[in-house]
1. Tell me whether region 79-89 contains one or more residues that are assigned to a helix (DSSP H, G or I), over 27 Å from Leu120 (Cβ atoms) and modelled with pLDDT of 80 or more.
2. Can you find even one residue in region 131-148 that is assigned to a loop (DSSP other than H, G, I, E, B), closer than 19 Å to Cys235 by Cβ and of a type in the set (Asp, Glu)?
3. Please verify whether region 188-198 includes one or more residues that are among the polar types (S, T, N, Q) and modelled with pLDDT under 75.
4. Which number in (1) surrounded by 15 or more Cβ atoms within 10 Å (Cβ to Cβ); (2) modelled with pLDDT of 85 or more; (3) not in a helix (DSSP H, G or I) marks the one condition that Gln41 misses?
5. Just the residues that are assigned to a loop (DSSP other than H, G, I, E, B), open to solvent by less than 80 Å² (accessible area, probe 1.4 Å) and modelled with pLDDT under 85, please, taken from region 2-23.
6. Do you know which residues across region 117-144 are surrounded by 14 or more Cβ atoms within 10 Å (Cβ to Cβ) and closer than 23 Å to Val14 by Cβ?
7. Take the residues in region 149-166 that are more than 20 Å from the chain's Cα centre (by Cα) and more than 14 Å from Asp232 (Cα to Cα); name whichever of them is least open to solvent (accessible area, probe 1.4 Å).
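The values are calculated or read from the model by the stated rules, or taken from the named source; none is laboratory data. Please read all numbers here as calculations on a predicted model, not as lab measurements. No Cβ is skipped: glycine too gets one built from the backbone with ideal geometry, and neighbour counts run over all protein chains shown. For the accessible areas, the whole protein counts, side chains as well, though only heavy atoms, and no ligand, DNA or RNA atoms are used. Shrake-Rupley method; radii C 1.70, N 1.55, O 1.52, S 1.80 Å.
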Amino acid sequence: MRIKRNLSQIRAEVLLNYLYPEMEDQWIAINKGTFYRNYNQDALAIEEKEGKAILARDGFLRLLPEGLLTKDSDLKGDDIAAKYKELEWRRELLNETFAPFDTYVFRKKLAIERITSELLEQKLQFLLLHYYGFDLTAESNPLVKEAAVLLPYVSRWRGDLGFVANLLGSLMNCRVEMSKGRYSHIDTTRCWLPVVRYKLLIPGLTANAYKELMQNLKPLVSFLEEWFIPFDVRCEIDIKEHQSQSRLPDGSLTLNYNTEVNQ
């Protein structure tokens with residue numbers, strides 16, 4: 001599953017809390033103005049060594065009336081270049097003067113964002129436990145924990161076999177081949193169930209790595225069968241090489257990871 005993320009829509013508080021949670025009360029905010037926001041992300045630059053966050057936002061200085069710090073006649077008369085340079089110097093001086101106020105407000109927003117994120121995480125855990133009967137804190141399998149956050153959308157995606165293939169590819173970080181067919185435990189097709197097969201194409205696994213990965217995959221398979229696969233559909237998930245059949249230089253034919261047929 002590939003989800004397109006637009007970084008320009010991520011607030012700096014969210015990004016900094018995720019990347020540098022230990023520096024919540026150490027950041028210095030430098031606001032460059034909302035003019036930059038039209039074609040840049042919220043955080044223009046992050047200088048973690050100096051603890052500076054350069055933002056495309058208006059600072060406290062922008063809230064003051066325009067005529068309070070400048071006059072209409074400041075750029076009139078002779079030597080416009082010198083007067084403009086003096087105005088720029090005055091603006092930078094005022095920005096440094098109000099920088100502590102901007103930094104204080106930004107740090108407060110960082111704290112609020114952290115608290116909000118914690119509350120939302122607790123809300124998800126509460127919803128999964130009391131509405132779906134799934135205890136996220138008690139689950140030890142990392143693959144299942146990642147997939148469990150999608151349970152609130154299960155009514156939309158249950159039975160969508162293509163979505164399950166995308167989900168497997170995202171969780172396992174591999175290509176997935178999906179095929180559909182019929183399944184019957186007797187030698188006839190008069191009575192059968194639909195079957196969907198997912199092949200996880202992961203090359204270069206050793207025998208031990210293959211066994212370990214299959215063990216980690218079993219809880220995820222059970223989870224998907226319970227929540228996302230229709231009850232009348234048989235689901236088979238296997239790990240394969242990048243090619244379903246790869247011919248080796250010595251003439252042997254590799255099947256899966258643990259069976260070889262020599263010609």
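1. Here is the first cut: in region 79-89, the residues assigned to a helix (DSSP H, G or I) are 80-89.
From what's left, over 27 Å from Leu120 (Cβ atoms): 80-89.
With modelled with pLDDT of 80 or more added as a condition, the list becomes 89.
Yes, region 79-89 has at least one match.
2. Scanning region 131-148 turns up no residue that is assigned to a loop (DSSP other than H, G, I, E, B), closer than 19 Å to Cys235 by Cβ and of a type in the set (Asp, Glu).
3. Narrowing region 188-198 to residues among the polar types (S, T, N, Q): 188-189.
Right, trim to modelled with pLDDT under 75 and you get 188-189.
Scanning region 188-198, I find at least one residue that is among the polar types (S, T, N, Q) and modelled with pLDDT under 75, so the answer is yes.
4. All conditions are met except number (2).
5. Just the residues of region 2-23 that are assigned to a loop (DSSP other than H, G, I, E, B), to begin with: 2-6, 10-11, 20.
Then keep just the ones that are open to solvent by less than 80 Å² (accessible area, probe 1.4 Å); that gives 10, 20.
Residue satisfying the conditions is Ile10 alone.
6. So the first thing to find is which residues in region 117-144 are surrounded by 14 or more Cβ atoms within 10 Å (Cβ to Cβ), and the list is 117, 124-125, 127-129, 132, 134, 136, 139, 141, 143-144.
Scanning region 117-144 gives Ser117, Leu124, Gln125, Leu127, Leu128, Leu136.
7. Going residue by residue through region 149-166, those that are more than 20 Å from the chain's Cα centre (by Cα) are 155-156, 158-162.
Add one more test, that the residue is more than 14 Å from Asp232 (Cα to Cα), and what stays is 155-156, 162.
On the way: Ser155: 103, Arg156: 162, Gly162: 31 Å².
Here the residue is Gly162.
Yes/no per residue for (1) at pLDDT 90 or above; (2) over 16 Å from Lys240 (Cα atoms); (3) among the hydroxyl-bearing types (Ser, Thr, Tyr):
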site	(1), (2), (3)
Phe163	yes, yes, no
Met178	yes, no, no
Gly181	no, yes, no
Ile186	no, yes, no
Pro203	no, no, no
